[in-house]
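Engineer: Can you keep this structure in mind? I'll have questions shortly.
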Amino acid sequence: MTAHPTTSRFKDNAHEALGDDQLQKAMLNVRAGFIDKRAAVAAKLPEFEALRDSARDIKNHTLAHLDLYLERYEQKVIEAGGHVHWARTAEEARQIIIDLCQKSDAKIVTKGKSMISEEIALNAALSKAGITPVETDLGEYIIQLRDEAPSHIIAPAVHLNASQVESDFRRVHTHLDADRDLQEPVQLLTEARQVLRDRFLSADIGITGANFLVAETGSSIIVTNEGNGDLTQTLPKTHIVIASIEKLVPTLEDVSQILRVLARSATGQEMSVYTTFSTGPRRATDVDGPENYHVVLLDNGRSSMLGTDFQDMLRCIRCGACMNHCPVYHAVGGHAYGWVYPGPMGAVLTPTLLGVDKAGHLPNASTFCGRCESVCPVRIPLPKMMRHWREAEFSRHLTPATQRFGLAFWAFFAKRPALYKNLTPWLMSLMHLLGRDKGYLRALPLASGWTDSRDFPTPQGGTFQSLYRKQKSNGRAA
Amino acid sequence: MSARADILSNIRRSLGVTGEEAPRLTNVEQRISTAPRGLSVGRSQLPRQGQIDLFKQQAESALASLTELDSYEAVPAAVADYLRSNNLPAALRIGHDPRLDGLDWGSTAIDLLHGPSDGQDMAGLNHAFSGVAETGTLVMTASAENPTTINFLPDYALVVLHEKDITGDYESMWANLRQTYGKGTMPRVVNWVTGPSRSGDIEQVILLGAHGPRRLHILMIKEQD
Ligand code: SF4
C-alpha cells in the first residue's frame, strides 16, 4: 500500500498492468467518463480559457506570498475558535493526528477523501494505534476494503469493474443476506450508503482534506459529489482537516474563480454537488457541527519546491485532468506509478516527495504529447517539468548508464535488441493500447521527445518508431 | 525550532524574502481588504428575470427539481404535495427558522420534527441564504434555524429559496454574505449545493443518492410586486 511505494519498479508495474484484462477494461471508462464531458462543459463557458489564466495567476500570487497568507490564515482560524498544527513531515502529521485521536479517546474515525491522508499513509498509522479509520468516499471505501492505494486522484477505484466491487461487498458485508441482488451498480451504491450511514453516526472524529484554505476568513473548503465529506465533518465531536501548505488562496473571490475551473476540469460538471466552506467549530447559536476544529498544515518538502524549477507544481488543484488525458496513464493505470500520485502530476510530484532515487523513472513515463499541459486548469507546464527531472536525474547519475539518454521508457528497449525481443509483446501491447484512440499514435511525438534531448548522445539503433516499423516489416512483431 | 517557525523560515528562504518587506505586506493586506472580483462570467450578467430563469435552468440541469410558489404561505401545501407524490410519510424535519415555523402547518397532515437531523428522517426542509444563477447553486448557512444536518441526512432535501435572494454570480452572493455577517467573518458553515448527491465511483457511471440526499427539491418563492 501507500506506505511501501513501488515507484522504483515502474517498468515492471507497467508491464503487469498491460497484461491485466480487468484493468484494461476498466481504464476504458476513464476516457468515456472524463474527456468528452470536460470538453463539452468547457465549450459552454466562453471565459473558460481566461479563467484558467486567472486561476494560474491567483495561485502564483499566493505562492509568492505564501508565508504571509499562512500567518493570516492561522490567525483567522484561531479567531474562529479552531486550532492550527504545523507538520514539517509526514511523520509529524501522523503523530499530531494520533495524539488528537487519543486525547479524545477515539475508536472510530470517519474520513473524507484526502490525497494528503494517502501521502502521509495515515490509515496504516491509525490502525497501528488501535483506531479504526473508515473511508467514506465510495471509491476510497472500495479500495480500503481491498487494501489498495487509489489509482486516480479523484476516482480512486477507477481501475475496478462493478463485478469486482460486488465480490468485495459480498466478502466484507457478511451481515447482509447472502442471496441479495447486487447486479446493478445502483444496488452497490445503496448498500454502501446503508453500511456507511451507521459509521457516520457512530464516529468519534471526522478527518477530511481540504481543496482550499482561505486566508481572508480562515475557512477550509471541501468539494465533493457524494456528501460524504460533509457527513464526516458534521456528525462527530471533532473535525480534523489535513491540508498541505499550498492549498492557500487569499479570498473568497479568488477561490470562486478557481472553483469555476475545478469541477469543469475534473468531472466535466459545471459545479460539483457540494462545496463546503467551514470556519471553526460549532458556535453558541448552532445545534449541530463539530465541537472541536483542528487543521493540520503539512509541508513535507513543499517549502523547498518554492523558488525552484518545480514551484509551478504547487499550483496543482488536484483535478485529475492531466491523467484523464494521458495516453500512458490510460495504458498502465494509476497503480503502475507505485505511489499515491499517478499520471503526469504524479510523475512530477512523486520524485519531489519520495526522492529522485526512488521515483526517477516516472518522468520518463511520458510521450511528451503535451495533452496534460493543454488541459491543466492552472497551466502547469508538466512536460517541461518532467524534462527538468530527467535532467536532474541525469546530472545526479542516479540512473543506469543506458537510461541517462532520456526517453528511457522507450529508448531502454530500442537500445537493447535482445531485451527488446523479449519485451516486444508488452511494448506492442502498449503501442496497441495507445493506438486505441484514433490519432494517439500520431499524437505520440516520440520524435519530438528525441529532439528535446538532443544534447544527450543519440542512442544507437534509431528511434523506437523506426525499430517498430522495421520489426513489423520483418514480420517479427505483432 | 518549532515546526511552525521552521516551515515559515524555509518558505522565506526559498522565496528569498524575510517576511518584513513592505511591498509584500501591502500586497497581502490589499488583496484581502479589497478582495478583487476577478474575471466575471458573462452568462450571469443578465437582467433580473434572466438571472432567475438561468437559476431554474441550471438547477434543473444539475438534476434538482423546482416548484415556483406565489407566496411563502403556500409552502406547507407544496411540501405536502411533494411528500404525497413521492409516496413519502407525512413527516418533515425542520430547524427553528421563524419563517418556516410561523407557517400554518396545521392545515396539512404533516408531522413536524424540530432540530438537527439524526439520520432517521426521510424528508427535511431548510431555508436557503441565496441561490447563484450561473450554476443553479443553493447557498445554505449553518445555524439553529437551518441546521447543516438537514441538508445532508434526509433522503429528500427540500429547500425554500426567495427569488429575491438569487444572485447572478458567486461574487455577488459573497458581497451579500459579507453584508449580513461582516467582512472576514463567516457562518460556521456555508454549503453550496448544486443538485442531489451522486457518485461516479463505480465504472464512472453517475448514480444519484450517494451519502447525501437522493433528491433535491427547491420551492422558489416568487417576488411580490
Ligand atoms: S497538474 Fe493540473 S491537470 Fe494535473 S491534477 Fe494538477 S491541476 Fe489538474
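The values are calculated or read from the model by the stated rules, or taken from the named source; none is laboratory data. As the structure is a prediction and not an experimental result, all values here were calculated from the model. Don't worry about glycine lacking a Cβ; one is built from the backbone with ideal geometry, like all the others, and counts go over all protein chains shown. Accessible surface areas use protein heavy atoms only, side chains included; no ligands, DNA or RNA. Shrake-Rupley method; radii C 1.70, N 1.55, O 1.52, S 1.80 Å.
Engineer: State which helices in chain B qualify, where a helix is a whole DSSP H run, it must extend 24 Å or more along its own axis by its Cα atoms, and its mean Kyte-Doolittle hydropathy must be at least 1.6.
Structural biologist: none
Engineer: Quick one: with all protein chains in place, what share of the accessible area of segment A:31-303 is carbon or sulfur, to the nearest percent (1.4 Å probe)?
Structural biologist: 50
Engineer: Considering only DSSP states other than H, G, I, E and B, which trypsin sites (Lys or Arg not before Pro) in segment A:18-126 qualify as loop sites with at most 15 other Cβ atoms within 10 Å?
Structural biologist: Taking segment A:18-126 and a limit of 15 other Cβ atoms within 10 Å, the loop trypsin sites (Lys or Arg not before Pro) found are A:44, A:107.
Engineer: Sticking with this structure for a sec: Scale the Cα Rg of segment B:105-225 by the rule-of-thumb value 2.2 N^0.38 Å and send over the ratio, two decimals.
Structural biologist: So the Cα radius of gyration is 1.13 times the expected 2.2 N^0.38 Å.
Engineer: Label residue A:132 and residue B:222 with points 7 Å out from Cα along Cα→Cβ: what is the distance between them in nm?
Structural biologist: 5.4
Engineer: What is the sum of charges around residue A:61, taking Lys and Arg as +1, Asp and Glu as -1, for the other residues whose C-beta is under 12 Å from the C-beta of residue A:61?
Structural biologist: Result for the local shell: +3.
Engineer: Another question about this same structure. Let me check I've understood the local charge: for residue B:209, count other residues with C-beta under 10 angstrom from its C-beta, Lys and Arg +1, Asp and Glu -1. What total comes out?
Structural biologist: Every neighbour counted, the sum reads +2.
Engineer: Within segment B:84-192, list the GluC sites (Glu not before Pro) lying in a DSSP loop whose Cβ has at most 14 other Cβ atoms in a 10 Å radius.
Structural biologist: none
Engineer: Counting only protein heavy atoms, what percent of the accessible surface of segment B:61-203 is carbon or sulfur at a 1.4 Å probe?
Structural biologist: 48
Engineer: Report the FRET efficiency, 1/(1 + (r/R0)^6), for residue A:28 and residue B:61, where r is their Cβ-Cβ distance and R0 is 30 Å, rounded to 0.05.
Structural biologist: Using R0 = 30 Å, I get an efficiency of 0.65.
Engineer: 7 Å from Cα along Cα→Cβ at both residue B:178 and residue A:174: what's the point-to-point distance in nm?
Structural biologist: Going by the 7 Å Cα→Cβ label model, 5.8 nm.
Engineer: Describe numerically, in nm with one decimal, the distance between label points set 7 Å from Cα along Cα→Cβ at residue A:285 and at residue B:1.
Structural biologist: 4.2
Engineer: Here is a further query. Within the set of other residues whose C-beta is less than 10 Å from the C-beta of residue A:373, count the net charge using Lys and Arg as +1 and Asp and Glu as -1.
Structural biologist: +3
Engineer: Please work out the C-alpha center-to-center distance from segment A:366-381 to segment B:85-134 and express it in whole Å.
Structural biologist: When both Cα centres are located, 47 Å separates them.
Engineer: Using protein heavy atoms only (no ligands, DNA or RNA), what is the total accessible area buried between B and A, 1.4 Å probe, nearest 100 Å²?
Structural biologist: Accessible area lost upon association: around 7500 Å².
Engineer: In whole angstrom, note down how far apart the Cα centers of segment A:26-54 and segment A:274-334 are.
Structural biologist: 20
Engineer: Another question about this same structure. Hey, what did segment B:1-140 get for relative contact order, percent, Cα under 8 Å, at least 6 apart?
Structural biologist: 24
Engineer: Can you work out the accessible area per residue across the protein assembly as shown, with the rest of the protein chains kept in place, probe 1.4 Å, in square angstrom?
Structural biologist: 36
Engineer: Pop the C-beta distance of residue B:77 and residue A:147 into the FRET formula with R0 = 60 Å and round what comes out to the nearest 0.05.
Structural biologist: It comes out at approximately 0.70.
Engineer: Say R0 is 35 Å: what FRET efficiency, to the nearest 0.05, do residue A:163 and residue A:4 get from their beta-carbon distance?
Structural biologist: That gives a FRET efficiency of 0.80.
Engineer: Segment A:132-161: which residues show an accessible-area loss of 30 Å² or more, assembly versus chain alone, 1.4 Å probe?
Structural biologist: Residues of segment A:132-161 that lose at least 30 Å² of accessible area once the other chains are added: A:138.
Engineer: Can you work out the PRE-style zone for residue A:47? Point 7 Å along Cα to Cβ, and I want the residues of segment B:138-179 with backbone N under 15 Å.
Structural biologist: Only B:167-175 pass the distance filter.
Engineer: Which of the residues in segment A:214-243 show a loss of at least 20 Å² in accessible area from their chain by itself to the complete set of protein chains, at a probe of 1.4 Å?
Structural biologist: When all protein chains are present, A:216, A:217, A:225, A:226, A:230, A:231, A:234, A:235 each give up 20 Å² or more of accessible surface.
Engineer: When the Cα centres of segment A:182-221 and segment A:96-137 are compared, how far apart do they sit, in Å?
Structural biologist: So the separation of the two Cα centres works out to 14 Å.
Engineer: Pairs of lysine in segment A:31-303 with Cα under 25 Å and at least 8 positions apart or on different chains: total?
Structural biologist: Close lysine pairs found across segment A:31-303: 24.
Engineer: Given the protein assembly as shown, what percent of its DSSP beta bridges are antiparallel, to the nearest 5?
Structural biologist: 30
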